[in-house]
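Structure record follows, encoded as structure tokens.
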Amino acid sequence: MAAVLEIRDLEVCYQGVIQALSSLSLRVSEGSIVALLGANGAGKTTTLKAISGFLPLENGRVTRGSITIGGEDVLKLAPHKIVRRGIFHVREGRHVFSEMTVEENLIASTFAQRSPRSRKDAFDEVYNYFPILSQRRNQAAGYLSGGEQQMLAIGRALVADPEMILLDEPSLGLAPLIVSEIFEIIARINREKRVSMLLVEQNAVIALKYASYGYVIENGRSVLEGPTEDLANNQDIQKFYLGVE
Ligand code: ATP
């Protein structure tokens, strides 16, 4: 299958000295869910920021390697241009505008809309995947539960009609039942709209269940990759990520 996203030999430094990635390579093919696993500080979030163009905002820089989307080199593009190429980054910690209502949060994403559909159609789609957001549409986002805020963060991505969503720790701080509910919807979005997902997740059980392919990142490089059913049977993964004795 065609690769939506291809990263080759990526090296990233913060503040000119702190090397966060060294020679990282990965690909995400059309319509797939790919997981990035790895310990704290391994470089997972940095990988997502390098793709979405956010690194310069944190004094980070790609010092070597390439990132292509649909074959096009996007390394020098600003974040709003990356969004136009169909890649939407749902950052860790959800990042909704807490004083704005749910619907105003969705309106804030319309700048990124790629398809000619109306706002109403875009919002109806969000409310179809997340009916609770429809009930809460006039409430300030800050009053939503953690799970609802995560739904809103994904809803904001949907408004843009992306080809790929970069999902950073969507399960963080959420109860297991809510995590399952959100991942079932993520899987539906992937299946029904063929939106690819690059998923960073500390919860390896969930990541290996919903992704079809995965990479294990250590010290800024990929040390293991494969179909998730193979990774789930790998002894190191079982020991370090799944807690199997
Ligand atoms: P976590 O799960 O803790 O977010 P991660 O795998 O996503 O971990 P990164 O956040 O990508 O890891 O961090 C990779 C390395 O880069 C770490 O050593 C981290 O300290 C460093 N780093 C990350 N962001 C910055 C920054 N803004 N300035 C300087 N160093 C940074």
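The values are calculated or read from the model by the stated rules, or taken from the named source; none is laboratory data. Being a predicted model, the structure only gives us computed values, none of them experimental. Don't worry about glycine lacking a Cβ; one is built from the backbone with ideal geometry, like all the others, and counts go over all protein chains shown. The accessibility values were calculated without ligands, DNA or RNA, using every heavy atom of the protein model including side chains. Shrake-Rupley method; radii C 1.70, N 1.55, O 1.52, S 1.80 Å.
What the table below lists for this structure:
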| read-out | value |
| --- | --- |
| Amide H contacts of SER98 (H built 1.01 Å from N, under 5 Å, at least 5 apart or other chain) | none |
| Alpha carbon centroid spacing (whole Å) that separates region 13-70 from region 117-166 | 26 |
| The chain, Cα convex hull volume normalised per residue, Å³ | 119 |
| Kyte-Doolittle mean at least 1.6, axial Cα span of 30 Å or more - DSSP H helices of the chain | none |
| Whether region 140-194 is rounded, prolate or oblate, judged on the alpha carbon gyration tensor where a/c under 1.5 counts as rounded | oblate |
| Amide H contacts of ARG221 (H built 1.01 Å from N, under 5 Å, at least 5 apart or other chain) | SER22 |
| Environment charge at LEU48 (Cβ cut-off 13 Å; Lys +1, Arg +1, Asp -1, Glu -1) | -2 |
| Listed residue pairs exceeding 24 Å between alpha carbons, taken from LYS76/LYS209; LYS193/LYS239; LYS209/LYS239 | LYS76/LYS209; LYS193/LYS239 |
| Length-normalised contact order for the chain - Cα pairs under 8 Å, 6+ apart - percent | 27 |
| Under-5 Å amide H pairs with GLY70, H placed in peptide plane, nonlocal only | LEU5, GLU6 |
| Scaled radius of gyration (Cα, divided by 2.2 N^0.38 Å) that region 1-143 gives | 1.19 |
| Relative contact order of region 1-80, defined on C-alpha pairs under 8 angstrom at six or more residues apart (%) | 40 |
| Convex hull of region 67-126 built on C-alpha atoms - directionally averaged projected area, nm² | 5.2 |
| All Cα pairs of region 198-245, percent lying beyond 15 Å | 39 |
| Surface accessible to a 1.4 Å probe, per residue, for the residues of the chain, Å² | 47 |
| Charge sum, other residues only, whose C-beta stays under 11 Å from LEU77's C-beta, Lys/Arg counted +1 and Asp/Glu -1 | +2 |
| Over the chain: helical MRE at 222 nm, DSSP H runs n ≥ 4 each giving -39500 (n - 2.57), nearest 500 | -10000 deg cm²/dmol |
| Pairwise FRET efficiency - LEU57 versus ALA108, Cβ, R0 = 22 Å, nearest 0.05 | 0.80 |
| Total charge dipole magnitude, the chain, about the Cα centre, Cβ charges on Lys, Arg, Asp, Glu only, Debye to nearest 20 | 640 |
